[in-house]
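> Please find one structure pasted underneath; my questions will follow.
The values are calculated or read from the model by the stated rules, or taken from the named source; none is laboratory data. Just so we're clear, the structure is a prediction, and the values are computed from it rather than from any experiment. Using ideal geometry, Cβ is built from the backbone for each residue, glycine included, and neighbour counts are taken over all protein chains shown. These accessible areas exclude ligands, DNA and RNA; they are computed on the full protein's heavy atoms, side chains included. Shrake-Rupley method; radii C 1.70, N 1.55, O 1.52, S 1.80 Å.
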Amino acid sequence: DPMAKKQSDSVYRLVDVVGVSDKSWEDAGRRAVETAASSLRDLRVAEVDRLDVKIENGKLIYRAKLKLSFKYHGDD
């Protein structure tokens, strides 16, 4: 299978990102991915690593820590 060979020859990097929202964890995760996508190319997978809530003045602030993988292209 040529597609399997192509994928097995690829290298991916992982980065941790944290999204923040006053609405929901889903919104926090979406913000993290959308922001990362503006500067990283070929995003592949977003894995939720941790969810927590910060309390500020009685208001909930949702935080989603994600591990993002993207295709590594070197210094080109």
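> Filter segment 9-37 down to residues that are in a loop (DSSP other than H, G, I, E, B) and modelled with pLDDT under 95 and give me whichever is farthest from Arg63 (Cα to Cα).
Here the residue is Asp9.
> Which residues, counting only those in segment 38-48, are assigned to a strand (DSSP E or B) and either of a type outside the set (Val, Ile, Thr) or open to solvent by less than 60 Å² (accessible area, probe 1.4 Å) (or both)?
Leu43, Arg44, Ala46, Glu47, listed by residue number.
> A further question on this structure: Which of the residues belonging to segment 49-76 are touching a Phe, Trp or Tyr at 6+ places or on another chain (Cβ under 9 Å), within 26 Å of Asp9 (Cα to Cα) and surrounded by 12 or more Cβ atoms within 10 Å (Cβ to Cβ)?
Once the filter is applied, which keeps residues that are touching a Phe, Trp or Tyr at 6+ places or on another chain (Cβ under 9 Å), within 26 Å of Asp9 (Cα to Cα) and surrounded by 12 or more Cβ atoms within 10 Å (Cβ to Cβ), segment 49-76 yields Ser69, Phe70, Lys71.
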